[in-house]
Amino acid sequence: MHIHVTRGANISLELFFMHGMSISMRGENKMNKLNLLFGLVALFSGLAVGRCIQGDRTRRASEILANVGEDNNEAGLLMVPLTLIQSASGKGAVCLDGSLPAYHFNPGFGSGANSWLVNLEGGGWCNDIRSCVYRKTSRHGSSNHMEKEIPFTGIMSNDPAMNPDFYNWNRVKVRYCDGASFKGEGYDKNASLYFRGQRIYDAAMEELVSKGMRDADQALLSGCSAGGLAVIQHCDEFHGLFSASTKVKCLADAGLFLDAVDVAGGRTLRNFYEGVVDLQGAVANLPKSCTSQMEGALCFFPQNILNNIQTPIFLLNTGYDVWQIQESLAPKSTDPTGYWESCKKNYTTCDAKQIQFLQGFRDQMLNTVNFISSAKQNGLFINSCFAHCQTERQDTWYGDNSPQIGNQTVAKAVGDWYFDRAEVKAVDCAYPCDSTCHNLIFRGS
């Protein structure tokens with residue numbers, strides 16, 4: 001597979017996924033190359049879903065990390081070690097395979113010593129026994145397969161030049177090893193699968209509280225993709241960990257998964273989520289304000305729970321989310337003739353009819369966030385890009401060529417909103433007006 005990242009009109013980064021994992025990047029110095037690379041590894045984790053995509057991209061991401069790991073210290077990237085939650089076992093809070101859950105923690109300092117940024121990792125979902133059995137052989141189903149250390153980039157960076165507002169906070173990445181956005185509760189004896197997402201979340205929060213988070217002055221829950229969905233699902237719950245004097249907000253990046261009609265007129269993602277929720281017993285942990293009104297799987301969708309969130313929340317999303325285009329709107333099962341095959345991988349090949357369909361998807365997204373964005377406490381940044389996840393990639397979070405809406409980068413928008421420097425309700429004009437996007441183009445199978 002070949003992924004081409006267009007940055008405005010002039011800089012590109014290319015990854016060639018071939019035997020041996022050779023990598024070439026153009027137009028970047030070493031530091032930027034590695035920041036972009038690790039950001040894209042995080043992106044692939046967010047893109048992963050189902051038994052085929054999940055396994056393939058997870059494996060390849062790990063190989064990328066192994067191949068470039070020798071350059072980390074030379075480039076000055078912050079590498080943060082893995083910590084297992086030893087107390088989790090007694091609570092039954094374990095990964096799909098029964099191994100201990102884990103997190104990465106970098107302590108805050110200076111003015112940020114009493115502020116906490118907790119990031120929930122993304123990485124797709126599993127919706128049936130086969131895909132979950134496969135998942136437990138990967139880092140998204142077992143801590144036995146997780147990297148011993150990972151780079152903190154983007155919003156997780158400790159460099160004020162790359163992350164001006166949160167660089168000196170206590171920064172934590174909670175690893176994702178359940179497959180239901182930290183919401184599952186169950187056990188399948190025949191397949192030896194532990195669906196303990198909610199318990200993992202609870203155990204991780206309990207551990208962080210014991211490390212000093214209980215007394216935080218400021219706290220922010222963030223996450224990308226399946227982690228962004230987890231932020232939406234857990235936002236008020238996270239707020240409840242703190243006293244009334246703590247400033248608590250939530251940031252959901254690429255978590256606006258819509259209950260959208262696919263190109264064949266069906267509901268691919270709804271069917272998929274039904275499998276996730278039913279298999280993993282997630283309905284018991286979904287918001288009662290929603291499940292009392294509609295079936296459980298529908299309450300996995302942000303559009304059906306956002307209006308009841310009381311905690312200030314910032315929604316960051318691309319109007320043309322590439323994961324949703326490929327896996328929800330136009331998966332192969334809905335496109336037997338291959339009419340969408342090229343368009344869903346490379347937006348520049350879409351014809352007028354396809355663009356019109358994608359504009360309808362963006363319109364649905366804007367309608368979904370209309371109510372929540374009307375509240376002054378909430379923030380919004382919807383740019384018209386073909387991408388997925390923008391807070392954990394350095395190039396899209398904060399850099400010389402980062403995406404912008406009205407001369408405002410993602411990092412500045414989030415910072416202005418969190419610290420109440422300005423009200424942020426940024427909605428881009430429709431494609432193709434934005435020349436600052438870092439659009440993703442996929443080539444190959």
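Just name the residue that is surrounded by the most Cβ atoms within 10 Å (Cβ to Cβ) out of those in region 295-351 that are within 20 Å of Tyr273 (Cα to Cα) and aromatic (Phe, Trp, Tyr).
Phe300
Within region 376-384, is even one residue over 21 Å from Leu229 (Cβ atoms) and under 19 Å from the mean Cα position of the chain (by Cα)?
Scanning region 376-384 turns up at least one residue that is over 21 Å from Leu229 (Cβ atoms) and under 19 Å from the mean Cα position of the chain (by Cα).
Checking the structure you have, find out if any residue of region 308-331 is farther than 25 Å from Ala252 by Cα and out of contact with any strand residue (DSSP E or B) (no Cβ under 7 Å at 6 or more places or on another chain).
There is no residue in region 308-331 that is farther than 25 Å from Ala252 by Cα and out of contact with any strand residue (DSSP E or B) (no Cβ under 7 Å at 6 or more places or on another chain).
Are there any strands (runs of 3 or more DSSP E) wholly within region 140-228 with 2 or more residues that are touching a residue at least 40 places away in the same chain (Cβ under 8 Å) and either of a type in the set (Ser, Thr, Tyr) or surrounded by fewer than 18 Cβ atoms within 10 Å (Cβ to Cβ) (or both), and if so which?
Ranges flagged: 186-188.
Since Glu392 meets every condition but one in (1) in contact with a Cys (Cβ under 9 Å, 6 or more places away or on another chain); (2) more than 23 Å from Tyr167 (Cβ to Cβ); (3) acidic (Asp, Glu), which condition does it not meet?
(2)
Quick one: count up the residues across region 84-105 that are surrounded by 17 or more Cβ atoms within 10 Å (Cβ to Cβ) and hydroxyl-bearing (Ser, Thr, Tyr).
Selection size over region 84-105: 2.
Since Ala284 meets every condition but one in (1) in a helix (DSSP H, G or I); (2) free of Cβ contacts under 8 Å to residues at least 40 places away in the same chain; (3) out of contact with any Leu (no Cβ under 8 Å at 6 or more places or on another chain), which condition does it not meet?
Status for Ala284: all satisfied but (2).
Given the conditions (1) of a type in the set (S, T, N, Q); (2) open to solvent by 60 Å² or more (accessible area, probe 1.4 Å); (3) in contact (Cβ under 8 Å) with a residue 40 or more places away in the chain; (4) part of a helix (DSSP H, G or I), which single one is not true for Gln377?
Single failed check for Gln377: (4).
Given the options Gly255, Gly265, name the one that is open to solvent by 10 Å² or more (accessible area, probe 1.4 Å) and part of a loop (DSSP other than H, G, I, E, B).
Of Gly255, Gly265, the one residue that is open to solvent by 10 Å² or more (accessible area, probe 1.4 Å) and part of a loop (DSSP other than H, G, I, E, B) is Gly265.
So for region 421-439 (the condition being within 23 Å of Ser111 (Cβ to Cβ) and surrounded by fewer than 20 Cβ atoms within 10 Å (Cβ to Cβ)), does at least one residue qualify?
Yes, the conditions are met somewhere in region 421-439.
Name the pairs: first residue in region 405-425 and more than 18 Å from Ala252 (Cβ to Cβ), second residue open to solvent by less than 60 Å² (accessible area, probe 1.4 Å) and in a helix (DSSP H, G or I), Cβ to Cβ under 7 Å, at least 6 apart or on different chains?
Ala422/Asp416
The values are calculated or read from the model by the stated rules, or taken from the named source; none is laboratory data. These figures come from a predicted structure and were not determined experimentally. Note: ideal-geometry Cβ built from the backbone for every residue, glycine included; neighbour counts use all protein chains shown. Only protein heavy atoms, including side chains, enter the accessible area calculation; ligands, DNA and RNA are left aside. Shrake-Rupley method; radii C 1.70, N 1.55, O 1.52, S 1.80 Å.
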